[in-house]
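The values are calculated or read from the model by the stated rules, or taken from the named source; none is laboratory data. What you see is a predicted model; the values in this text were computed from it and never measured. In this analysis, Cβ positions are derived from the backbone assuming ideal geometry, glycine residues included, and neighbour counts consider all displayed protein chains.
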Amino acid sequence: MAMKFEKTGEGTYMLDVCGYVCPHPQIYCKKSLEKINEGDILELVIDNPSSAETIIQMCDQVGHEILEKKNEGNKIIFRIQKA
Amino acid sequence: METVDTTEKRNQIWAFLVTGFLILVSMLYYKANVYYMYVVVYIWFGFAYGMMLQYGRFCFASASRDLFAAGVPRMAVGILVALFFFSLIQATLASTNMSTFHPAPFGIHTLISGVIFGVGMVLAGGCASGSLYKIGEGNGTSILSILGISFGQAIFVDVGGPLLKLVPQSWIDSSNAKELPAEKITSWFDYYLTGYVWDQPKIQLSHVKSVSEALPGALKYFVADSLINALIPAAILICVIYYFYSRKGFMKKRAKLKGGTTGFGDELSGIWGMITASKRTTLMGVIIGITAGLHIFVMKGMQIKFGISNFGELLERMGHTADLGINGTVFDPGYWYITSQEGQFGAWVLQLFGWDMRDNVFFGINNGLPEPWRNPALWMSFGIIFGAMVMSLLNKEFKFKIPKGELIVWGLLGGTLMGLGSRPALGCNIGAFFIRVAGGDPSGWLYGIGMVTGAFFGVKFFNWWSERKMAKEMESF
């Protein structure tokens, strides 16, 4: 288990924080969004349900758009576009 | 490869097995002795709490942590909603002599303990109740947290030696004046309790002389305990949280929608929008508040039925006198409570290894050391774990996660700090904050302020920690 943040393409990034529990997923998600540019896409992979709730609200408040949210087994995958 | 249907069926089977196990336990207890129904009530209220906490992602750590770390007020609002309903029910019960609530000693110790607890709950990833429900989700870090709470507390209340040099003379004098059995006053915590905490005033607003004279009958409970101690502060906090964390984004969207001017009606819509933003959390806040009140009612009813004020009396009737403290009592809060029973569990384990855990006030005099299967509050904690497990299985959210690396450190350290931050205040986020605020005890707010302060510093630390890690990850681009 290790936090992984990598650039996956032009204007797209991936943050994998599987295995982490609160508050790490939401903190890393917030910091990743702060570091990427407006309009860039962040694919976020977590497996902590309570963090998902916070991340959804965080995006809504700031104005980031959740393009997609899907469940793959126990993983929750978000595609977030930075406002 | 397992299909979704197979996984869902398997989860349902496990959910039925867990529930069936608890039903079997309840029936065995009833068959053993009708007095054990007292324990069974704790089990099933714990089960209900566990289901609601998991479904609503209800965690007091999240309330302040996510506010500071992510600007998200969801959980803070959920707790204030729960407080609203719980305080009204508490007032109703108190006015009909059906309450088991009792206020706690009020002093600076409550604030300091809250700060320590607040740091711990952020490090651990959940408060005391949150850690229990997350164990039900399969969270291994939370298991470490609860172990930290259990053994940290047990050792803390029993350890003397060099720590005794730190006991102020005034505490020693006050403790000696109470003429307690000398063989039970052996640790720093014993002097802290008997020489300091027990001397502090206990305040329940409805019982303050001027209040009870001015507000006759039931009115004092609703006005003083509920309205003044809980509802008004909760309403103010909701407005403050809205103003600092929610208003800007909401009013921007509202102005865009209305093409410019907004008014007071929009502000009220904003507050309502914030309250209902997470429907599952708010709904669970309402139901948890009502359930916590119902729990008090049922426990009081059980006490009246059996003619007791403490489960220790029933244990004595059943011949289990070795479980009791020398006062004939065991830990029996009469409502939702966490940490004390985990401390008893830790002490029970340490006793198995030959450590005398009865030579102190906490276990030896007040709370006893019942066998875990005769510990009603501990069964409530197990109930929380199993209730959360059933809910997470049914929602396909159960996954056993073994903690690795830094999570092991955060879990153990956070749990230990939570233990150290709950014992001195005689309670945690539930017992020292939630229950007391709703019951009219202003020391609850003192603990709450401490928790929020501690959480602020915990979040600051984690922000710094994660910034370092992100910098390493981003070195390549």
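Summary table
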{"read-out": "Residue match in the range B:412-420 (condition: in contact with a helix residue (DSSP H, G or I) (Cβ under 8 Å, 6 or more places away or on another chain), in contact (Cβ under 8 Å) with a residue 24 or more places away in the chain, surrounded by fewer than 24 Cβ atoms within 10 Å (Cβ to Cβ) and within 28 Å of residue B:48 (Cβ to Cβ))", "value": "no"}
{"read-out": "Matching option when the condition is without any contact (Cβ under 8 Å) to a residue 60 or more places away in the chain, surrounded by fewer than 13 Cβ atoms within 10 Å (Cβ to Cβ) and farther than 23 Å from residue B:241 by Cα, among A:9, A:19", "value": "A:9"}
{"read-out": "Hey, residue B:170 modelled with pLDDT of 95 or more and assigned to a helix (DSSP H, G or I) or not", "value": "yes"}
{"read-out": "Checklist (1) touching a Phe, Trp or Tyr at 6+ places or on another chain (Cβ under 9 Å); (2) at pLDDT 95 or above applied to residue B:44, failing item", "value": "(1)"}
{"read-out": "Residue in the range A:23-36 that is in a loop (DSSP other than H, G, I, E, B) and more than 8 Å from every other protein chain (Cβ to nearest Cβ) present", "value": "yes"}
{"read-out": "In the range A:26-50, the residues that are over 10 Å from the mean Cα position of the chain (by Cα), more than 14 Å from residue B:471 (Cα to Cα) and surrounded by fewer than 17 Cβ atoms within 10 Å (Cβ to Cβ)", "value": "A:37, A:38, A:39"}
{"read-out": "Qualifying residue in the range B:325-335 (condition: part of a loop (DSSP other than H, G, I, E, B), under 17 Å from residue B:29 (Cα atoms) and not polar (S, T, N, Q))", "value": "no"}
{"read-out": "Count - residues of the range B:387-405 that are touching a Ser or Thr at 6+ places or on another chain (Cβ under 8 Å) and either modelled with pLDDT of 95 or more or in a helix (DSSP H, G or I) (or both)", "value": "1"}
{"read-out": "Enumeration of residues in the range B:123-167 that are hydrophobic (A, V, I, L, M, F, W, C), more than 30 Å from residue A:18 (Cα to Cα) and not in a helix (DSSP H, G or I)", "value": "B:159, B:167"}
{"read-out": "Residue, surrounded by the most Cβ atoms within 10 Å (Cβ to Cβ), within the range B:168-213, restricted to residues that are of a type in the set (Lys, Arg) and under 22 Å from residue B:425 (Cβ atoms)", "value": "B:184"}
{"read-out": "Residue in the range B:366-378 that is outside any loop (DSSP other than H, G, I, E, B) and of a type in the set (A, V, I, L, M) present", "value": "yes"}
{"read-out": "Any hit, the range B:228-246, residues being within 14 Å of another protein chain (Cβ to nearest Cβ) and of a type in the set (A, V, I, L, M, F, W, C)", "value": "yes"}
{"read-out": "Residue ID - farthest from the other protein chains (Cβ to nearest Cβ), chosen from residues in the range A:1-22 that are touching a strand residue (DSSP E or B) at 6+ places or on another chain (Cβ under 8 Å) and small (Gly, Ala, Ser)", "value": "A:11"}
{"read-out": "Meets criteria (crowded, with 17+ Cβ neighbours inside 10 Å and touching a residue at least 40 places away in the same chain (Cβ under 8 Å)) for residue B:318", "value": "no"}
